[in-house]
Amino acid sequence: MPDNFFLLSTSIKLKRTSVLRGTAQWLPASKSISNRALIINALAGGTSELHNLSDANDTQLMLRLVNSTDPIIDVEDAGTTMRFLTAYFSVTRQQKTLTGTSRMKERPIALLVDALRTLGVEIDYLEKEGYPPHRIKSFAGQKVQTISIRGDVSSQYISALMMIAPTLPQGLTLELTGKIGSRPYIEMTAALMKHFGAQSTLLENKVIVPHQAYKPAAFTVESDWSAASYWFSFAALADQAEILLPRLSLDSLQGDSKIVDIMKVLGVNAVLDKGLLKLTKTDHKKELHWDFTHCPDLAQTVAVICAVKNVTGYFTGLESLRIKETDRIAALQNELRKIGADLIEIDQEHWTLKPSAASPDSAYFNTYKDHRMAMAFAPLATRMEVEIEKPEVTRKSYPNFWKDILSFGIPATEV
Ligand SMILES: O=C(O)C1=C[C@@H](OP(=O)(O)O)[C@@H](O)[C@H](O)C1
Ligand SMILES: C=C(OP(=O)(O)O)C(=O)O
């Protein structure tokens, strides 16, 4: 099957398939871990042996751009690539203009740019204040040792600053203010730094990183738990399922391994069996109470399952969804309504997922240039005929998603 299969289609139609048995053999390696390993490897001199890097476009971009001699760096729609490279090019004193898709130009970067400016980096915005594109001009030397940064917009700014911190002559202390979101990603950064020889201390509201040298090391990337979540969804929604997932560990650096606990409530049992994670069906509850503050990328997967499994969801921690690949709250609301479900904003912090009373036999889903919209709604093919707009969006994190779908015997056709 050609690698660009489905990449040029306007949409993809999936026929209803309610029995699923097989292995998701194209499950990608973690893009979050890969992108950290690539930045740290570059800061460590570029000689580390990195194994099983993700085939996600976000990582392929990082792989290419981190060593690019081009003055213009186009990160497309890759958030971590944008944030991590902004910090990396600053401390390595490379004059670069960083830009991306029209959506990337709407995703804020001010908190990171402000922190880098406070450190002594000269950076200009080229279009809108606070948003890419921006130009890194110079870094005369470290001006301060301690920086205060809000923790409630994106943890990626904090991870970006942590990774460059060991290279700064005075090291860096980050004082985190307000609510801290996506904390497992900050812990993942600290763990990766440690693997490459750099110690940091992570306290409740503070990260302390001394000046020190990174050391080259071999590293193998595990599979991506956010990508795995779609297979939990297939298992939850199918009539019968036995799904095997490769290269996942239950004791993972990835916070999205929480999907295992969420799915215990939603009717999926996950056990490691001969090196593969085996998903089977079990009983489910009628309500799910979940705080997505620390696993925002799972929210779409879980909302869709609740919608058709007649589970009422009581959700918190969805605030950061508005500034991701699309406004994911609005996108979810629009698409869930097509199957008779709704995501209702109770107040600024509380959401109720009202499940569908009766789902239609078929539905067309828009994807808003968001890989997770496409993959979160695809498992509905276990219950109805599904058509999904622009299947190529999955290349951001899971380029072979549709190949895996076909391997499970789900009939898929390009439209
Ligand atoms: O650091 C990372 O690798 C990521 C952090 C999270 O972003 P936020 O910190 O903006 O929530 C997550 O949503 C994103 O997919 C990957
Ligand atoms: C939010 C995501 O990625 P990023 O912020 O790195 O673009 C994601 O993969 O869901």
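No lab work stands behind these numbers, since they all come straight from the coordinates. This one's a predicted model, so the numbers in the text were calculated from it and none came from an experiment. Heads up, the Cβs are rebuilt from the backbone with ideal geometry, glycines too, and the neighbour counts pull from every protein chain shown.
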Simple SL model, points at 7 angstrom along Cα→Cβ for Asp291 and Gln94; separation in nm is 3.9
Within the set Ser356, Ser102, Ser159, GNM on the chain using Cα springs under 10 Å gives the largest fluctuation to Ser102
Here, the range 146-191 modelled as identical Cα point scatterers in vacuum has Debye log10 I(q)/I(0) at q = 0.21 Å⁻¹ of -0.66
For Lys281, counting only lysines whose alpha-carbon sits under 24 Å away and dropping same-chain residues fewer than eight positions off, the answer is Lys15, Lys258, Lys264, Lys309, Lys354, Lys403
If N is the residue count of the range 62-167, its Cα Rg over 2.2 N^0.38 Å rounds to 0.96
The base-10 log of I(q)/I(0) that the Debye equation returns for the range 301-415 at q = 0.13, 0.14, 0.22 Å⁻¹, one scatterer per C-alpha, is -0.49, -0.57, -1.30
Here the equivalent ellipsoid of the range 12-64, derived from its Cα gyration tensor, has semi-axes (largest first, whole Å) of 33, 12, 7
Treating every alpha carbon of the chain as one equal point scatterer without solvent, the Debye formula yields log10 I(q)/I(0) values at q = 0.09, 0.13, 0.14 Å⁻¹ of -0.54, -1.11, -1.26
Full extension between Ala330 and Asp70 adds, at 0.36 nm per residue less the Cα distance, a length in nm of 89.9 nm
The simple spin-label model distance between Met384 and Lys354, using points 7 Å out along Cα→Cβ, in nm, is 1.7
Charge tally for neighbours of Leu343 with beta carbon under 11 Å away, counting Lys, Arg as +1 and Asp, Glu as -1, is 0
D (µm²/s, integer) via Stokes-Einstein for the range 340-390, Kirkwood Rh across alpha-carbon pairs, 20 °C, 1.002 mPa s: value 174
With T = 4 °C, eta = 1.567 mPa s and Kirkwood Rh from C-alpha pairs, the Stokes-Einstein D of the range 289-334 in µm²/s is about 120
Here the Kirkwood hydrodynamic radius of the range 31-219, Cα-based and in Å, equals 16.2
